[in-house]
Amino acid sequence: MKPVKFEYHAPATVDEALALLGRYGGEAKILAGGQSLMPLMNFRLSRPAALIDLNRIASLAYIREDDGHLAFGAMTRQRTVEFSPVVAQRLPLLREATRWVGHLPIRSRGTIGGSIAHADPAAEYPAVLTALDGEVRVRGPRGERVLKASDLFVTYLTTRLEPDEILTEVRLPAMPAGAGHAFEEFARRHGDFAIVGIAAMVVRDGGRCRQARLATAGAGPVPVRLRAAEEILERDGLGDRAIEAATARAAELVSPDADIHASADYRRHLTRVLAARALRRAAGPGARRG
Amino acid sequence: MAEPVTVRLTVNGVGHEGRCEPRKLLVDFLREDLALTGTHVGCEHGICGACTVLIDGVAARSCIMLAVQADGAEIVTIEGLMQDGALHPLQAAFREHHGLQCGFCTPGMLMTALDFLRVNPTPTEPEIREALSAVLCRCTGYHGIVKAVAAAAPVLAKRA
Amino acid sequence: MMSPESTRERWIGRPVKRVEDHRLLTGRGTYIDDHPPVANVHAAAIVRSPHAHARILGYDVSAALAMPGVVGVITGADVAASTKPFGVGVTAPVHYYCAATDKARFVGEPVAVVVAKNRYLAEDAAEAVVVHYEPLPAVVDPERALEPDAPVLHETVGTNLAGNRRLVYGDPDRAFAEAEVVIRERFRFPKYASTPIETYGVIARWDGLDGVLTVWSNFMGPFIMHPLVARVLGLPENRLRFIVPPDIGGSFGIKSSIYPYMALIGLAAMKTGVAVKWIEDRREHLLASSSGTDRVAYRELAARRDGTILGMRYRWIDNVGGYIRSPEPGCSFRPTGNFVGPYAFQHLEVDASVVMTNKSLTGPNRGYACGHLYFETEGMIDRLAATLGMDPVAVRRKNLIPATAFPYRTPTGGLYDSGDYEATLDRALEHADYAGLRRRQVEARAAGRWFGIGVALAVDPSVSNMGYVATALDPQFRAKPEYLPKSGAMDAATVKVDPLGRVTAIMATTPQGQGHQTVVSQIIADELGLRPEDVTVVDEMDTFTRVWSISSGTYSSRFGSVGAGAAALAARKLRAKLVDYAAHLMEVPVEQVEFRDGTARMKGGQGPSYTVKDLAGRAHWNATSMPEGMEQGLQATAVFGFSVAGAVDAQDRVNSSNTYGFIAEVMAVEIDRATAAVTIDKYVTVHDAGTIINPMIAEGQIYGGALHGLGGAMFEELAYDDDGQLLTGTFMDYLVPTASEAPTIDIAHVVSPSPLTPLGSKGLGESSSMTVPAVLANAVSDALAPLGVRITQLPITPSRLWHLIEDAKT
């Protein structure tokens, strides 16, 4: 299991990286953390003519707070996210989700931008990006553009990025003060990709639910924002009956596939179960009545 | 450039320089070019963890990283753990608690546990198990490994 | 048990820390891939069939030969021209070569080998080898493979049935006619492996002028494969040398099946003229190394209403994959002597069919065939208990072989050497607080929770008798005068004292992590009155230099009795010589000399005394000081071999193993009503493996074996689609349990020393791998008894279990 021959470049700037990407005309691959790409290359399932390694572009690794958002340089390691005080404070849902990403040695190398650009529908970060309505900045030969989470994911391992574009930044709105959150995941082993995962955030306003956010991992070819379920909560609050109704709706909103680990029906069932667990935990102990 | 590249790195405090194709995996470079065979190859797709080493202080899989990416890095492998001719406390704990049988996953277990105990010096047993789930072992049922890491934690915390 | 007179505590029985650990903890182990034993070793990459079933029409290796660094390519055509097929364990004419010749019969079957300067270049060139295939329809289900219109894998056989035996013991028809209760069930056992973290590795060098092929490999034995490989390659046995490195990175039975690769890489070395190294990668390992069989089992049990089992019928369809690779069909017959498990019933019919399908090949996998056997039997006993409204423990107790019956001859020819099954069961019940668990179950059920308790018992056979494989052959075939019966299990050890008194033990037991060096040092220390650190143990197999036989190796849990026994006998032989020599030096009759704490002295304590070192100095520097007639030097080689296990008899009875331990387990589980996830609440395992030499190492085997069993019961499966493509070809999909999935295990021991081994010890290596599938399935079935769900198939995945529950609800 050794990769095929390839040309290797480790540019120091995004501009250089874009120039190289243009030069290979779709035959090159971007190497970020490598935790998904390198296994595919070792299996020779991915056979790029060239690798453009972003690991030497220091300017792509940062976490910045601006304008009510947290902006993550694409090459920010998942491990950095995990231990970032500002993430713990402003995006605790992302922090909790990070603990489900592989294992610590994987998170040492894996990056937030790489995980999202790889677009594995069972991965945690795409679910969080979708739940929180985040966006990504993308640079290419035609300049920079911003893609909303809802526009980003096309299908398995496929985004709307063009082959000559690079995802440079991930932007997530900071969670409102007092928001509750939970990331629930069911996998057959610790550290595996989710059979189903649910990212949830709720903002309570007394007995009401001002804002609900729910998105899936593993319940279809792309992460699914469960908007119709969120609406039930925003209308009826966070009591048991509302959660019951919302999660029943959630199960109808997903179209999971079957594989050797789980049937489609089981994934649909888990969507409901995990959404309920996530919502109860996000809503906190006071929300059960009503 | 698919032509051979020069890789300079520090392993266990010793500087090394070698030339290899860009596609050469870091673990193969350590084992073949530097003859440091204590780091093992178990799956070459980042799951079993036997190849885990410390790269600039943090544990990472050396089978899904290119040698050229480690140019300029400081690496610690299982061969670098002994201090003053004695076992490192973590190594000693593995021996004391029968944390190894065939020894093949052991380099990955040690390097993963070392990194984990730095991040979490006072772990609970479930936390230890969660951290060690990064490395697969088929001999021990993990029993002795979990015990060894739990026993080493206070010793390492005291040294820090 | 023999024991030297000593004032000191014995080392046997103590958790002595391992001598292996220092090198393994510091990265100084010597595994097959670590240090090339010869210079200028080239790398091999194996071209493998992408088709489950395809005729091979031809090869074009020209492009590959032109690739950088390539020194040669061999194909199935070379294999067909230059090698013979391996002998197989059945009479059906299955031609199994070390690579595909006429057809590929499973995905991943070797079809060609590329040899190049390094593995990267070899893999590049392997992709350039063109093989022309004519794809054929595939069959993967063993029952489907027996249907008349199924694709046939081997035209020479004409059917996919490699063999069938109907074995009858006692009068099962009468038992079923007299039964008051008959229980029937169909079970499916999955194909899973042990995936040692170190994969297969082979290095071969051909010395053409001498005609010697040297093959280094992490092969664990049995060394019956040495003559087999010699025959395949057309080499005289004394021109084929197998060397096993000191460290093997786990095996669990799987590495007994490397031998076809030893032939294939040997051939590559012979054809290319360079030393060739092949290290299997994980993809190759999952595709094409070895696994246990998947089985469809039809079980019937006849009983009286009081719970007495009268007889059983087993009908098995075992799937051995594309060929039947020796030692298969051990999947069916390895447990022949213990087919009845710990139960006293006398009437049994076994109908075993061994079927070839387009899956990878099978062989020994920890618990070889016993995981299957007890999953079915223990499941049947629980069904009987439920039918009769009895407690599952009560039914088992009623049918156990009593402690007074040992040594016990089973109806199938097994000789259970020692045991107290009821006491062991009681110990497990007590440890688990079985009554307390049942009370908790009542409370849990009242609260609407799914909480279940499983019990499983197993006779744990160790040290297989080579001869059992012949159970696969018809008695008429075995009765032919030209048929050579097979039997036996032996190992050798040498103990020597060097001129300065250092004691060295030389073994050839191919350890794979079981700490043989440590264990042997404890044994020798006890026998010679030394400390373990005074004994150096060299354990490196080399067929040119070691004393070995076809049964040599470490498999079938055999080291703890055979290898350990040989070490003890060699040390005793040497001790006797030391006493004789000392008596000669003291000029007293030998009867007046005793050997204690490493010193020979007069029994009364008067006169001179001689330590081992004193005697070594005299023996080596003044060789003529030894008495007339005594062999010079201080060394002894001893062979320990069992004599209780002979060839299969005309009634198909055979003592298929040499010692038989016992396992009693209790497990409590809770099932999440929402996700159907199974959580192990309590797991108790009690083992009787006779004398325990090193409890730390013994328990290490139990922890590991239990997790292997749990892997097969809940996580691991080599799953195929209907076209024969492997669906679990990576460690992302083939799920090895991690530390987070490993349960806490409560272990206890009962000790019934074996009367047959020098130390009273029995094997323990496979241990709970054979019981966990049974105890887990029984616990889950018990939890779901209110719904009427019973587990008949493994692995119990949450998705599968959820569907069973949903189906039961509607």
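Expected output is a single nm value to one decimal: the length gained when fully extending between C:Glu443 and C:Asp391, i.e. 0.36 nm times separation in residues minus the C-alpha distance. What is it? Write down the numbers at each step before the final one.
On the way: separation 52, 0.36 × 52 = 18.72 nm, distance 1.76 nm.
Value of the extension gain: 17.0 nm.
Taking a probe of 1.4 Å, how large is the accessible area per residue of the protein assembly as shown, in Å²?
33
Using the Kirkwood radius over Cα pairs, work out the Stokes-Einstein diffusion coefficient for segment B:5-80 at 25 °C and 0.890 mPa s, in µm²/s as a whole number.
Roughly 207 µm²/s, to the nearest whole number.
Can you give me the distance in nm between label points at B:Ala2 and C:Arg23, each placed 7 Å from the Cα along the Cα-to-Cβ direction?
Spacing of the two 7 Å Cα→Cβ label points: 4.1 nm.
Return one number: the angle in degrees, 0 to 90 and rounded to the nearest 10, between the long axis of the Cα atoms of helix A:264-283 and the longest principal axis of the Cα atoms of chain A.
So the helix axis and the longest Cα principal axis differ by about 70 degrees.
Compute the separation of the alpha-carbon centres of segment C:203-246 and segment C:302-331 and state it in Å as a whole number.
36
For the A and C pair, go ahead and give the buried accessible area with a 1.4 Å probe, both sides summed, in Å² to 100.
The summed interface area works out to 2500 Å².
For segment C:112-149, run through the trypsin sites (Lys or Arg not before Pro) and keep only the ones in DSSP coil with at most 16 other Cβ atoms within 10 Å of their Cβ.
Filter output for segment C:112-149: C:Lys117.
C:Ala423 versus C:Asp210, label points 7 Å from Cα toward the beta carbon: distance in nm?
Placing both labels 7 Å along Cα→Cβ, they lie 5.5 nm apart.
Can you list the residues of segment B:91-121 that have at least 50 square angstrom less accessible area with all protein chains present than in their chain by itself, probe 1.4 Å?
Going by heavy-atom accessible area, the residues of segment B:91-121 that drop by at least 50 Å² are B:Arg95, B:His98, B:Leu100, B:Gln101, B:Cys102, B:Phe104, B:Val119.
Which value, in Å to one decimal place, does the Kirkwood hydrodynamic radius take for chain B when every pair of different Cα atoms is included?
So the Kirkwood estimate lands at 15.9 Å.
Whole angstrom only: what separates the Cα centroid of segment C:687-730 from the Cα centroid of segment C:105-123?
Segment C:687-730 and segment C:105-123 have Cα centres separated by 29 Å.
What is the percent carbon and sulfur in the accessible area of segment B:1-116, measuring with a 1.4 Å probe over the protein chains and ignoring ligands? Write down the numbers at each step before the final one.
Values: 1580 of 3230 Å².
Taking all protein chains in place, segment B:1-116 shows 49 percent carbon and sulfur surface.
May I ask you to derive the FRET efficiency for A:Val86 and C:Glu127 from their Cβ-Cβ distance with R0 = 56 Å, giving the value to the nearest 0.05? Intermediate values should be presented prior to the final figure.
Numbers: r = 48 Å, r/R0 = 0.85.
The calculated FRET efficiency here is 0.70.
Put simply, what bits of segment A:29-51 lose 30 Å² or more of accessible area when the other protein chains are there, versus the chain on its own (1.4 Å probe)?
A:Gln35, A:Met38, A:Pro39, A:Asn42, A:Phe43, A:Arg44
Sort all Cα-Cα distances of segment B:89-159 into consecutive 5 angstrom bins from zero, then give the percent of pairs in each bin up to the one containing the longest distance.
Once binned at 5 Å, the Cα pair distances of segment B:89-159 give 3, 20, 35, 28, 11, 3, 0.
Please compute the Cα-Cα pair-distance distribution of chain C with 20 Å bins starting at 0, giving whole percents from short to long.
Each 20 Å bin holds this share of Cα pairs: 16, 47, 31, 7, 0.
Relative contact order, percent, of segment C:658-765 when contacts are C-alpha pairs under 8 Å separated by at least 6 residues?
37
Which whole-number percent of Cα pairs in segment A:163-290 have a distance greater than 20 Å?
44
Could you tell me the convex hull volume per residue, in Å³, taken over the Cα atoms of segment A:58-173?
Measuring per residue, one finds 99 Å³ for the Cα hull of segment A:58-173.
Can you list which of the trypsin sites (Lys or Arg not before Pro) found in segment C:718-810 are DSSP loop residues with at most 14 other C-beta atoms within 10 Å?
none
Which residues, if any, in segment C:718-740 have at least 20 Å² less accessible area in the whole protein complex than in the isolated chain, probe 1.4 Å?
So the qualifying set is C:Leu727, C:Thr730, C:Phe731, C:Met732, C:Asp733, C:Leu735, C:Val736, C:Thr738, C:Ala739, C:Ser740.
Okay, helix-only estimate at 222 nm for the protein assembly as shown: each DSSP H run of n ≥ 4 adds -39500 (n - 2.57), divide by all residues, round to 500 deg cm²/dmol; what do you get?
-8500 deg cm²/dmol
What's the buried accessible area, both sides, between C and B using a 1.4 Å probe, rounded to 100 Å²?
4100
Treating the angle as unsigned and between 0 and 90°, give the value, to the nearest 10°, between the Cα long axis of helix A:14-24 and the longest Cα principal axis of chain A.
On a 0 to 90 degree scale, this one is about 70.
May I have the extent of the alpha carbons of segment C:78-133 along their three principal axes, as whole Å values ordered from largest to smallest?
42, 22, 18 Å, listed from the longest principal axis down.
With bins 20 Å wide starting at 0, give me the P(r) of the protein assembly as shown over every alpha carbon pair, in whole percents.
Whole-percent P(r) values from 0 Å outward: 11, 38, 37, 13, 1, 0.
Taking 0.36 nm per residue of sequence separation and subtracting the Cα-Cα distance, how much length would be gained by fully extending the chain between C:Asp723 and C:Thr679, in nm to one decimal?
12.4 nm
List, in the order given, every pair from B:Lys24/B:Lys147; C:Lys359/C:Lys762; A:Lys2/C:Lys117 whose Cα-Cα distance in the structure shown is over 25 Å.
Distance filter (> 25 Å) returns B:Lys24/B:Lys147; C:Lys359/C:Lys762.
Which percent of the accessible area of segment A:58-173 is formed by carbon and sulfur heavy atoms (probe 1.4 angstrom)?
49
Using 1/(1 + (r/R0)^6) with R0 = 51 angstrom and r between the beta carbons of B:His16 and A:Arg241, what's the FRET efficiency to the nearest 0.05?
Numbers: r = 66 Å, r/R0 = 1.29.
Computed FRET efficiency for B:His16 and A:Arg241 comes out at 0.20.
Can you pull out the buried accessible area for chains B and A, both sides counted, probe 1.4 Å, rounded to the nearest 100 Å²?
Values: alone 8340 and 13360 Å², together 19000 Å².
Result for this pair: about 2700 Å² buried.
Quick one: compute the contact order of segment B:89-159, relative version, from alpha carbon pairs under 8 angstrom and 6+ residues apart, as a percent. Numbers along the way, then the final one.
Working: 78 pairs, mean separation 36.8, N = 71.
Averaging sequence separation for qualifying contacts and normalising by length gives 52 percent for segment B:89-159.
Pairs of alpha-carbon atoms within less than 8 angstrom and 6+ residues apart define the contacts here; what relative contact order does chain C have, in percent?
Reported relative contact order: 17 percent.
Compute and list, largest first, the equivalent-ellipsoid semi-axes of segment C:341-418 from the alpha carbon gyration tensor, each √(5λ) rounded to a whole angstrom. Mind showing how you got there, number by number?
Values: eigenvalues 148, 72, 28 Å².
The equivalent ellipsoid of segment C:341-418 has semi-axes of 27, 19, 12 Å.
I need the calculated FRET efficiency for the pair B:Gln83 and B:Asp56, taking r as the beta carbon distance and R₀ as 25 Å, to the nearest 0.05. Please report the intermediate quantities before stating the final value.
Numbers: r = 20 Å, r/R0 = 0.80.
Calculated value: 0.80.
Taking 0.36 nm per residue of sequence separation and subtracting the Cα-Cα distance, how much length would be gained by fully extending the chain between A:Arg160 and A:Ala49, in nm to one decimal?
In short, 37.8 nm is gained.
Quick one: pull the percent of accessible area on chain C belonging to carbon and sulfur, 1.4 Å probe, ligands and nucleic acids left out.
Values: 13250 of 25690 Å².
Accessible surface attributable to carbon and sulfur in chain C totals 52 percent.
A:Asp133 label point, 7 Å along Cα→Cβ, cut-off 12 Å on backbone N: hits in segment A:146-190?
Within reach of a label on A:Asp133, which here means backbone N under 12 Å from a point 7 Å along Cα→Cβ, segment A:146-190 contributes A:149-150, A:173-174, A:176.
With the crude spin-label approximation of a point 7 Å out along Cα→Cβ, what separation in nm comes out for C:Asp672 versus B:Asp33?
4.5
The values are calculated or read from the model by the stated rules, or taken from the named source; none is laboratory data. Fair warning: this is a prediction, and the values are worked out from it, not measured in the lab. Here Cβ is always computed from backbone atoms with ideal geometry, including for glycine, and neighbour counts include all displayed protein chains. Ligands, DNA and RNA are stripped out before the accessible areas are found, and what is left, the full protein with its side chains, is counted by its heavy atoms. Shrake-Rupley method; radii C 1.70, N 1.55, O 1.52, S 1.80 Å.
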